[in-house]
Every structure is written in C-alpha cells, then in structure tokens.
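Read through the structure below, which is laid out as structure tokens, and then see the notes.
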Amino acid sequence: MSMSLTELSPPLLKRIAEEAISARAVAHASLSDDAHAALRQKAIDLLRSRNAVLVAHYYVDSELQELAEETQGCVADSLEMARFGLAHTAQTIVVAGVRFMGETAKILSPEKRVLVVDSAAECSLDLGCPAETFSAFCDQHPDRTVVVYANTSAEVKARADWVVTSSIALDLIRDLSDRGEKIIWAPDRYLGDYVRRETGADILLWQGSCIVHEEFKADTLLDLKQRHPEARILVHPESPPSVIELADVVGSTSQLIHASQELDAPLFIVATEEGILHKMRQGAPLKKFVAAPTAGEGATCESCAHCPWMKMNDLQRLVDVLESFENEVILDETVRARAALPISRMIEYAGQRVKRA
C-alpha cells in the first residue's frame, strides 16, 4: 500500500528530498558556463514576458536570491514574501521556497496566479500538523485561542484564530496572555516552548519540529564558541532550548540578519538554515559567518544545516515553471477566505506594533 507524504516520517522525507536534489545537482553540474548563463538569461526574459515576479526565501540557493533581487522581486521571510506579492503589480507570483509559502501568497492574492518553483518542496512543520488531526485536537480544547505558526497549510490556518511569525510571537502571546486567554500553539514545540518560557503564558503545545533546527547541538556549539570567544551566536527560536540558552541573539530570520549587521563582532555562528548566510554576507562583507554545528560525535561534517526541500528550488525548475505555468497553487475558496482572516489579523497587529514603536 502506498503512503501519503504526511504518513512518512520527517527523516524519511528528508532522505527522499536529498536524493532528488542529488540527481538534479548532477544534471546541473553538466551545464557549461555558457549554457548556465543562457539559462539564467532565459529565466530573466520569461519573468518579464510573463508579467511575473520572483519572490524567494532566505533559505533557497543564493543564485535564486540574487535573481529575485536583480529582477525587482524580493528575498524575505514567508510573510513578507506574500505581502510583497500582494503589493506588486505583476499578475503572476513565482515563489521560490516551500509549499506553504505559495499557499500564503495565494491566500493574500486570490486574483493572481501563484506558482511554486517545485511542488514537491515541503516543510516538516507543515507535514507534521495534518489539518484533520489538528482540528480534532483543537475541538478537545474549545476554551483555548488557537495560534498557528506561518509554517502550516492553508487548512490549518483556516482553523486558527491567529497566524503568527517568529518576529511577533513574543509580543502577541504576551498580549493575549495579559487578556487572560489560554493558548493552543502549533506546530513547532521548540518555538512554542521558548515563547511560553519568555511570556509565562498558558500554552498547550502541538509536538511538531523543524528537521533543520532541531539538529543543532549545544555541546559542539559551546565548544566552537570556546574556540572563538570573539564570536556572537545567533539562534532561531525553532532550535532546542539548550541551543537557545547559548545565544547572544534569539530571533526570526529578519531579526538575525539585522543583528548580524548591527553587532560589533568579527565572527558570527548562526543557528538557522545555512541559506541565510548569503544575505548576511551581503549585508556585512567584512564579517565572517559560519553555520552552527549539527553533526554528532564521529560525523564527517561539522554542520549540515540545510533544508532539502528549500534546495529543491533551482534555476532549471524556475525556467520550466515559467514556460509551462505548472505548479500553480489552487485553493478551495472557502478555505482560502477563512485562512485570510487570521493572517489579516496578524498583519494588522504587526502594523499597530510599528506605529506604537
């Protein structure tokens, strides 16, 4: 009997994704420099002729990040990607990231065509929170406010009262708690636990995790810090508590990038997906950035902090999608409209925070 993707364990899914990437890497490596340059120019020409804009996540390959910026697209976190697509005049949004990011873009821009570079690019947090199971869990706790992380499907967002990003999680949960609300948090248990410890809120956690962030190792990170006392440690809160405890800065992708530019340090050890290092090096070219260790004792590498699904986005797939308009994101309108409510609520809340600041 065949199994659906959501029935496979995250480690097995990761291996499947890595095998697909390896096969594509072989084909990509066979291109000559001239052929690669021609492929890149073809992507640029197609974006223009298709009235399309490329929005890329910080975690995808640096080539796609640079292409997005060169063609007046954007490189950002998942929410800003969707907001950029909403504000842009292009009628087609091409999302270089993972599936839930394409869905979020479609939720906010229902009248536009939204394409994902690779429809097989998943997220372990999304996969680990099936909508039906999560909805039943929420039904068991009707007195709790449902807050879900952006890394969830449209169906899970449609079941929520709030959608939240890591950049506003602490403020929002603190405000909800001050109003006496008890929380269901999904899907990342590490981020949820961090928020609970920092705010003291009454939070019931869904037990999901990110296959990248949960692999960071506190003991080897501490050893690396002792060898480089001048370094500052930047940690995404999807990481285990023991890793968070070692951080100089804990924050979202955008907050970590800002910290890398503002802090006066020559070396940064970064505990999030290694794709973000490209943007950090762009913003602070005189500083050194290394990925935090993920490997255990006896491993052949020190850090393998990469999301295989993010790496499924590549130049050839981008060209294929622009030529064929395949991988279009299609959502049930009832689900889309319901999911738009907690996202809009979050955007309004974030805007109010900016005004107060």
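In table form, for the structure just shown:
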read-out	value
Search result, residues across segment 78-108 that are under 19 Å from the mean Cα position of the chain (by Cα) and small (Gly, Ala, Ser)	78, 82, 85, 96, 97, 102, 105
Test: residue in segment 77-87 that is closer than 18 Å to residue 312 by Cα, touching a residue at least 60 places away in the same chain (Cβ under 8 Å) and among the basic types (Lys, Arg)	no
Number of the exception - residue 104 against (1) of a type in the set (Ser, Thr, Tyr); (2) outside the structural domain of residue 343 (by TED's automatic domain parsing); (3) surrounded by fewer than 24 Cβ atoms within 10 Å (Cβ to Cβ); (4) in contact (Cβ under 8 Å) with a residue 60 or more places away in the chain	(3)
Some residue of segment 25-35 being modelled with pLDDT of 95 or more and either assigned to a helix (DSSP H, G or I) or surrounded by 23 or more Cβ atoms within 10 Å (Cβ to Cβ) (or both)	no
Filter result for residue 115 (aliphatic (A, V, I, L, M) and under 21 Å from residue 341 (Cβ atoms))	no
Single match in 247, 265, 259 (criterion: within 20 Å of residue 165 (Cβ to Cβ), touching a strand residue (DSSP E or B) at 6+ places or on another chain (Cβ under 8 Å), assigned to a loop (DSSP other than H, G, I, E, B) and modelled with pLDDT of 95 or more)	247
Exclusive hit being in contact (Cβ under 8 Å) with a residue 24 or more places away in the chain, over 18 Å from the mean Cα position of the chain (by Cα) and under 24 Å from residue 124 (Cα atoms), set 176, 204, 191	204
Residue among 87, 121, 160 that alone is in contact with a Phe, Trp or Tyr (Cβ under 7 Å, 6 or more places away or on another chain) and among the small types (Gly, Ala, Ser)	121
Which listed residue, of 98, 148, 116, is among the β-branched types (Val, Ile, Thr), closer than 27 Å to residue 307 by Cα, in contact (Cβ under 8 Å) with a residue 60 or more places away in the chain and touching a Gly at 6+ places or on another chain (Cβ under 9 Å)	116
Failed item in (1) part of a strand (DSSP E or B); (2) buried (at least 21 other Cβ atoms within 10 Å of the Cβ), with residue 289 passing the rest	(2)
Scope segment 160-175; condition more than 25 Å from residue 336 (Cβ to Cβ) and surrounded by 18 or more Cβ atoms within 10 Å (Cβ to Cβ); matching residues	170, 173
Candidate set: segment 340-354, residues that are surrounded by fewer than 18 Cβ atoms within 10 Å (Cβ to Cβ) and of a type outside the set (A, V, I, L, M); chosen: the one nearest to residue 107 (Cα to Cα)	344
Residue list for segment 38-66, filter: crowded, with 22+ Cβ neighbours inside 10 Å, under 21 Å from the mean Cα position of the chain (by Cα) and part of a helix (DSSP H, G or I)	64, 65
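The values are calculated or read from the model by the stated rules, or taken from the named source; none is laboratory data. Quantities reported herein were computed from a predicted structural model and do not represent experimental measurements. Note that each Cβ is placed from the backbone with ideal geometry, even for glycine, and that neighbours are counted across all protein chains shown.
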